[in-house]
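The values are calculated or read from the model by the stated rules, or taken from the named source; none is laboratory data. Since the structure is predicted, the reported quantities are computational estimates derived from the model, not experimental observations. Neighbour counts are summed over all protein chains in view; Cβ atoms, including those assigned to glycine, are modelled from backbone coordinates with ideal geometry.
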Amino acid sequence: MGVGLEVAVVGVTVVFTFLAALVLSVHALGWFFRTFGHRFPDPSARMGGGSGRREPSTAQIAAIVASIEALRARGGR
């Protein structure tokens, strides 16, 4: 019984230590980016534009909807 209790205590200690390290590292990262965040601009601001993706046009959306309706009308085949 004593060995099992010792293993349980060591296990709980290890888990607590790792969780405490996780909380402290997240806290430190939060402080770091609050302090030095102005030195790391967003990628879209750095590139001088958007992410390179375009929104679909109304004609493209209409074509997609029409193809789906045609597929449903002939039974999905």
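Things worth noting here:
- The stretch 55-76: number of residues that are assigned to a loop (DSSP other than H, G, I, E, B) and either in contact with a strand residue (DSSP E or B) (Cβ under 7 Å, 6 or more places away or on another chain) or not acidic (Asp, Glu) (or both): 5
- Apart from one condition, Ala8 fits all of (1) over 22 Å from the mean Cα position of the chain (by Cα); (2) exposed (fewer than 10 other Cβ atoms within 10 Å of the Cβ); the exception is (2).
- Criterion violated by Ala20 - all others in (1) at pLDDT below 95; (2) small (Gly, Ala, Ser); (3) surrounded by 10 or more Cβ atoms within 10 Å (Cβ to Cβ) satisfied: (1)
- Among the conditions (1) surrounded by 10 or more Cβ atoms within 10 Å (Cβ to Cβ); (2) modelled with pLDDT of 90 or more, Ser44 misses just one, which is (2).
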